[in-house]
Amino acid sequence: MITRTFSLREGHRVFRNVICVILLTFIVVHVILPAVSISPRSRRLVLHKFGYKSPVETRCAGVISRMIDIDILQHKSKDVNQVQGNGRKVNDHKVTDENVLEIKDADDGGTINRSVASLKLCPEFPRHTVGEMKCVCEPVTPEDILSIWPNLQLGGRLPPLTCTARERLAIIIPYSDRASHLHKLIHNLLPVLERQNIDATFFVIEQTTPSIFNRATLLNIGYLESQKIANFDCYIFHDVDLVPLDDRIFYRCDDNPRHFPVSIQRHGEKEAKLMYSEYYGGVIAMTKRQYIDVNGHSNLYFGWGGEDDDILQRILNKGYLRTRQHPEIFKYRMLQHERNDMSRGNVDRMLLLQEAVDRQDFEGLCTTKYKVEQTRFHRLYIWISVSLNMSQILLTSPDFTLHAIKSLLEISKTVR
């Protein structure tokens, strides 16, 4: 009887202690930490250290995981490519282009067998960079590029032969009717990546419909679709019309998201300069952790403008730092182009930017909606054609933001 009474008292004590710990944790996380004057980045590091996850992480992690797992199962049960004409089948993938390499498995990226277990990590700072370069801006065809780089593996991979790359890189390129720019970009990037000992795969994400371009959603799609191919460490979100002018622009990720084109030389201009003081577009690098932390890009920016400023707000709001690289090194050349109907301005972008931070935890990577129309595995890139339902995407916006997209909702009724 005495033993039973003692056990009940101990049980009550443990129960009280557990309740106290829960209450104390709640007060620290939701009252004390937001009140004290520490930077968002420091607060995020403290919370992560104790296993706390943000609303985005808890809500989005399962959504993203299910999206990837379900689609992988679908890829296992049917051909990836739905193309016309005679094709040869390679395991689970159907390919028709003569420049497509045989695939053993979606994760191994090709059939060139090299033992890398005995190779040391590549040096952090490569020795064979040349510094400032000129843009090779003359027209170039895929056949020209393949003749120069005959050992390219699937997706434009060119892993270093004498060492093991420090990161597996996915270069995500949003695309719409810019074939000449695309091949000029790859033609200029390949020698840079080789000298930097980079193991990169190119993903071209083409929007087929609607007629209004949504660059930010294509970047989210590129991130999601690339994870079905391999486990990448670093993601470079790269505009098709920006060519690096220095191979000391190291294509890699860091503790904070990185913005590369500090200086841009536009067509007809002699000097390269920053587009504007808050510019954060063109080429950025983020790790998987960072991209999930910020909930990716917002999907609401149909048309030109706003999405770059929005992602910067998301990055800063989650406690990451904005660092400026050296303008004399991080220089890019902008290839000449004219805007078409697909790239007309986003009429609601200023209203959307006013609520970018408020909307961040509710809309972005984990609310991305799209349909893959075709996937082609080429030696230069993995080409993914997608269609978007403009009305469906706009309605993923939280209720308190609907007033900011009224014009876009009206436009969505008329576009195809």
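The values are calculated or read from the model by the stated rules, or taken from the named source; none is laboratory data. No experiment lies behind these values; they were computed from the predicted model shown. Every residue, glycine as well, gets a Cβ built from its backbone with ideal geometry; the counts of neighbours run over all protein chains shown. Ligands, DNA and RNA are excluded from the accessible area calculation, which covers all protein heavy atoms including side chains. Shrake-Rupley method; radii C 1.70, N 1.55, O 1.52, S 1.80 Å.
Take the Cα gyration tensor of region 142-415, multiply each eigenvalue by 5, square-root it, and list the three semi-axes largest first, rounded to whole angstrom.
Details: eigenvalues 168, 84, 70 Å².
Calculated on Cα positions only, the semi-axes equal 29, 20, 19 Å.
Inter-part distance, region 184-251 to region 344-404, computed on C-alpha centroids, equals 18 Å. The modelled label-to-label distance for the pair residue 28/residue 400, using points 7 Å beyond Cα in the direction of Cβ, is 2.8 nm.
The modelled label-to-label distance between residue 209 and residue 119, using points 7 Å beyond Cα along the C-beta direction, is 4.5 nm. Solvent-accessible surface of region 257-399, averaged per residue with a 1.4 angstrom probe and all protein chains in place: 41 square angstrom. Overall form of region 264-416: rounded. Here a/c, set by the Cα gyration tensor axes a ≥ b ≥ c, is under 1.5. Which percent, to the nearest 5, of DSSP beta bridges fully inside region 142-415 are antiparallel? Here the antiparallel bridges make up roughly 45 percent for region 142-415.
Model label points for residue 136 and residue 415, set 7 angstrom from Cα along the Cα-to-Cβ axis, are 3.6 nm apart. Here the calculated FRET efficiency for residue 369 and residue 20, from their Cβ-Cβ distance with R0 = 45 Å, stands at 0.55, rounded to the nearest 0.05.
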